[in-house]
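Down below is the structure, laid out as structure tokens.
The values are calculated or read from the model by the stated rules, or taken from the named source; none is laboratory data. On a predicted model such as this, the values are computed, not experimentally measured, just so you know. For neighbour counting, all protein chains shown are included, and Cβ atoms are generated from backbone atoms with ideal geometry for every residue, glycine included.
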Amino acid sequence: DVKVTQSSRYLVKRTGEKVFLECVQDMDHENMFWYRQDPGLGLRLIYFSYDVKMKEKGDIPEGYSVSREKKERFSLILESASTNQTSMYLCASSPRTGEETQYFGPGTRLLVL
Amino acid sequence: AQKITQTQPGMFVQEKEAVTLDCTYDTSDPSYGLFWYKQPSSGEMIFLIYQGSYDQQNATEGRYSLNFQKARKSANLVISASQLGDSAMYFCAMRENSGGGADGLTFGKGTHLIIQP
């Protein structure tokens, strides 16, 4: 079974803090994704990566950055957390091509106070 | 314009009845894929079913089937014989394949399905 893990299920941070959300997948997938989920808005793509050290902006990249130093790990960074970044963050991975679905991690609920 | 539209924010359905969750999409890409995910209250996203734009037949996976009407740009999920465990949020999503498959999914806002005993 594909396994995507995220470093924390729940996280509470203060405004202005630097926040790291880590995601690891064990299926040697080339593609990795970060989404945020907010009530009434569904999931929105923040950033994605199709290879090590490669990154592409999604629909809402402002206020975020990412890092992919190893194939299995994709990190989402909030340089200076703000209250409007309180959300559920979901990581996903998929093979490079094909019809396969994206496989999602359990999510991190981030609260910024 | 929204690329994925789910018009039903919530639905109440009696156990054992069939359920249809609506999804319409908008794309000019000739090659695309459509997905349905289930998200229970625990939060994990569970993949249910996939339909490719060139697939001739409607996709089926157990109690789930996808009613794909390409001309109408519609990809409704049908759950037969609903169960209490089907209560969850359901998301329709699309991947446009012009980006080579690496692009992210575009999600609808979801439908909250509640199955009543």
Qualifying residue in the stretch B:7-25 (condition: touching a Lys or Arg at 6+ places or on another chain (Cβ under 7 Å), closer than 18 Å to A:Gly42 by Cβ and not in a loop (DSSP other than H, G, I, E, B)): yes
Residues satisfying the stated conditions in the stretch A:43-84, i.e. in contact (Cβ under 8 Å) with a residue 24 or more places away in the chain and either basic (Lys, Arg) or at positive phi (or both): A:Arg68, A:Lys71, A:Arg73
Among (1) farther than 30 Å from B:Thr7 by Cα; (2) at pLDDT 95 or above - the single one A:Tyr89 does not satisfy: (1)
Single residue of B:Asn58, B:Asn67, B:Asn76 found to be more than 16 Å from B:Ala18 (Cα to Cα) and either touching a His at 6+ places or on another chain (Cβ under 7 Å) or more than 14 Å from every other protein chain (Cβ to nearest Cβ) (or both): B:Asn58
Residue under evaluation A:Glu56, criteria (1) more than 25 Å from B:Ser41 (Cα to Cα); (2) at pLDDT 95 or above, criterion not met: (2)
Output for the stretch B:26-55, where each listed residue is more than 13 Å from every other protein chain (Cβ to nearest Cβ) and out of contact with any Lys or Arg (no Cβ under 9 Å at 6 or more places or on another chain): B:Ser28, B:Asp29, B:Pro30
Residue list for the stretch B:94-117, filter: in a strand (DSSP E or B) and in contact with a Gly (Cβ under 6 Å, 6 or more places away or on another chain): B:Arg95, B:Phe107, B:His112
Strands (runs of 3 or more DSSP E) lying entirely in the stretch A:3-85 (those with 1 or more residues that are within 15 Å of the chain's Cα centre (by Cα), surrounded by 20 or more Cβ atoms within 10 Å (Cβ to Cβ) and not polar (S, T, N, Q)): A:4-6, A:19-25, A:31-38, A:42-49, A:65-70, A:73-78
From the options B:Asp29, B:Asp86, residue that is touching an Asp or Glu at 6+ places or on another chain (Cβ under 6 Å) and acidic (Asp, Glu): B:Asp29
